[in-house]
Amino acid sequence: MARINRDLRMKYMKYLSILLFVFCLPVFGFAAPSDPGLVFEVKSTTGAVKLRWLVTDKHFDYTYVLSRAAAANPDEKEEIARLKMADFAAAKTILADNEAALKLMFPFKTAKNQAEKNQSLAQNENRLNMLLYLSVMEPNVATALGQYYEDKPPVDMKAVLYTLEVFKRGELVHTNTRGIAPGIVKQLLMLWDVQAHRFDWGVGVKWQGYEPYTAFNVYRSDQYNGEYKKLNTAPIQVQVSKNANGTIDVAPYFYSDTTLKTGELAFYKVHGVDFFADAGPVSIPVLGMVKVDPRPAPLLRPEMESAETSISMTWNPSPDKDIIGYNVYRTRNYEGKGEKLNKELIAGTSYTDHNVEVDLNYFYSITAVNKGGYESLPSLNGQGLAKDATPPEVPQTLVADVIEANVNLHWGDVKAQDLLGYRIYRTMSVNDPDWALLNNDPIAAVTYTDVLSKNLSRHPYYYRVTSVDTHYNESEPSDFSKIQLPDVTPPKAPSITGSSVREGQVALTWAQVDVYDLAGFNVYREVAGKRAKINKSVFVHPAFVDSKPRVDVPVIYTVVAVDKTGNESEPSSTVNLSVRDHIKPQISSFKASVVKGEVHLKVISKDTDLAGFNVFRSHNNRDFLKISHARIKEQTFVDGRVKKGKRYFYKVVIWDVAANKTESTVREVRVAK
């Protein structure tokens, strides 16, 4: 390892350090800090200031508040942006054709089936690492995560202070401030001291001036001034580490080109990409060629597969013909070759390490050994993590209680030391292979309330619960619990199509209401502010006749639809009527008698709206004359103007207050002499 005694460089290597810290955190045995570990940087460009930040706990459910103030007045801050991770629709627009980043951001929404969802949950840590890496390399990914902003400060601000506040669920968890002079653009420096080291297996390229950059690209041409083509398919990172004595270790070379043949010449250029994904200037070309070297060519990074108690690896065989075996080295740190695991050379291209502990990162490199006893440089490290693969027990006794549209679930607690929590699933079809997951993060409680819309009562719902441990192993689902929401959704209101009054009866018609659970209709009548139903039971035909309406007063009619649960709709539009009384009063009894030479008449009627009666008299039962001057309010009338020995004929006409009248039959009397 080349050893460089420059503490000052560590100041500029923070981006690389942050990435290594995030990806390799378990290696050093650190606990995740309560502080999110915020990296916040600003950069002045022509016409704008770029702001970029990174929260290293790999959570993205933060709200970021950016404020700006003139350096001369730091207390007069102005909020310029409030950002958070974009929703699915907005992220699709921001990321355009970057399907890989969209899948990393929204694994459940982009999953095609439950198997892909389960795979995403099992590889959640790798997914978050990759998303964080992409956010550093691609500005549109950082923008979609709410971690990138470009500002155009007022031209009169010669020095600006930017403050970033990070909130989680409304609580401020971190803040940081950076100052910058807008308009003063600092150019990225060209990489220098680019070297192309010659080996038998190819060319190893390294360079100086890497500190301001997060990644690099290498280009090659067969002529100094020829066309250069990029060699690397993924951004190159420089592996660095700081020793206890303050020195810095770097890899012997940063990129290996194994495609050159012995004796071929090639020219190499390199340029870096900074934290804002801006590319620096391309370096001056350097010459590289393959030379005769007794060591075998270094191998590619091994393929890793981790189990619960072991880590296995495979690698491609060395292209050299005189290889007699391989060595496997293991280290707890990403850098360095580490300790050799095998006592004898490995003849094959696979190895399984059974001496591992759960939840610890191990890094493995492979070397090849030829007949001359020469050993190649180690391959790039492959990472392995022995991980608990045994799921917890299945939750038991799932019970669902329904209160209106709230489904309250509770179940028995699972006893497991590494229990993380529970996931709740819901479906409308018990045979559906893809149940909807209701909570992305497992909950610790053994209760859960699913709030549905009140109008979702037509179909049943099914629920089940799984338990999840701290390694995201998920149990088989519990037995399902079926619920049916109470129907609290009324049908839509009827629409009145017609109304009429005929012979003292009110007829109403309306359009039929088309709902699957319609039971019928109710008709309401309102008089003087008092509303009452006038039909005895619900009926299904869209018409009704009120045969006994209230008369001579304003009446308001409305109709409601009723479903089979008894929910009534909103009232229909009102029908306002005033019904005239057309019913004739009824005479219950009409009697005529002679008392002491006078004729006494008595009229009885049970009608309550009588206005009185008139009396008519005749001598021949043909020609009747009215003998009462006004309508008689009482039940009796006495005719004293009669002669003894004469015969008389009487009839009466009774009236109600609506001027309806009824004529009685004729009564004959004879006055005695």
Strands (runs of 3 or more DSSP E) (entirely within the stretch 446-528) containing at least 1 residues that are farther than 21 Å from ARG426 by Cα and not small (Gly, Ala, Ser): 496-502, 505-510, 518-527
Of all residues making up the stretch 265-295, the number that are surrounded by 15 or more Cβ atoms within 10 Å (Cβ to Cβ), at pLDDT 85 or above and among the acidic types (Asp, Glu): 1
Odd one out for VAL594 among (1) at pLDDT below 95; (2) part of a loop (DSSP other than H, G, I, E, B): (2)
Members of the stretch 64-95 found to be more than 18 Å from the chain's Cα centre (by Cα) and assigned to a helix (DSSP H, G or I), listed by number: ILE94, LEU95
Verdict on HIS600 being out of contact with any His (no Cβ under 6 Å at 6 or more places or on another chain) and either closer than 29 Å to ASP581 by Cβ or open to solvent by less than 80 Å² (accessible area, probe 1.4 Å) (or both): yes
Residue among THR314, THR349, THR331, THR309 that is out of contact with any Lys or Arg (no Cβ under 9 Å at 6 or more places or on another chain) and over 23 Å from THR258 (Cβ atoms): THR309
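Listed here are the residues, each with its yes/no results for (1) touching a residue at least 40 places away in the same chain (Cβ under 8 Å); (2) outside any strand (DSSP E or B); (3) open to solvent by 20 Å² or more (accessible area, probe 1.4 Å); (4) in contact with a strand residue (DSSP E or B) (Cβ under 8 Å, 6 or more places away or on another chain).
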site: THR352; (1), (2), (3), (4): yes, no, yes, yes
site: GLU357; (1), (2), (3), (4): no, yes, yes, no
site: TYR362; (1), (2), (3), (4): yes, no, no, yes
site: GLN383; (1), (2), (3), (4): yes, no, yes, yes
site: LYS387; (1), (2), (3), (4): yes, yes, yes, yes
site: GLN396; (1), (2), (3), (4): yes, yes, yes, no
site: GLY412; (1), (2), (3), (4): no, yes, yes, no
site: TYR425; (1), (2), (3), (4): yes, no, no, yes
site: ASP432; (1), (2), (3), (4): no, yes, yes, no
Residue satisfying condition, being among the polar types (S, T, N, Q) and under 24 Å from HIS582 (Cβ atoms), within set SER664, SER618: SER664
Qualifying residue in the stretch 121-136 (condition: surrounded by 14 or more Cβ atoms within 10 Å (Cβ to Cβ), touching a strand residue (DSSP E or B) at 6+ places or on another chain (Cβ under 8 Å), modelled with pLDDT of 75 or more and more than 24 Å from LYS387 (Cβ to Cβ)): yes
Matching entry among LYS626, LYS644 (being in contact with a Gly (Cβ under 7 Å, 6 or more places away or on another chain), open to solvent by 60 Å² or more (accessible area, probe 1.4 Å) and under 30 Å from THR665 (Cβ atoms)): LYS644
Restricting the stretch 659-669 to residues that are surrounded by 13 or more Cβ atoms within 10 Å (Cβ to Cβ) and either among the basic types (Lys, Arg) or assigned to a loop (DSSP other than H, G, I, E, B) (or both), the residue that is farthest from the chain's Cα centre (by Cα): ARG667
Residue in the stretch 375-423 that is nearest to THR466 (Cα to Cα), counting only those that are in contact with a Ser or Thr (Cβ under 7 Å, 6 or more places away or on another chain) and hydroxyl-bearing (Ser, Thr, Tyr): TYR422
Answer residue from the stretch 414-423, given it is surrounded by 12 or more Cβ atoms within 10 Å (Cβ to Cβ) and in a loop (DSSP other than H, G, I, E, B) and is modelled with the highest pLDDT among those: VAL414
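The values are calculated or read from the model by the stated rules, or taken from the named source; none is laboratory data. Because the structure is a prediction, the values reported are computed rather than measured. In this analysis, Cβ positions are derived from the backbone assuming ideal geometry, glycine residues included, and neighbour counts consider all displayed protein chains. Only protein heavy atoms, including side chains, enter the accessible area calculation; ligands, DNA and RNA are left aside. Shrake-Rupley method; radii C 1.70, N 1.55, O 1.52, S 1.80 Å.
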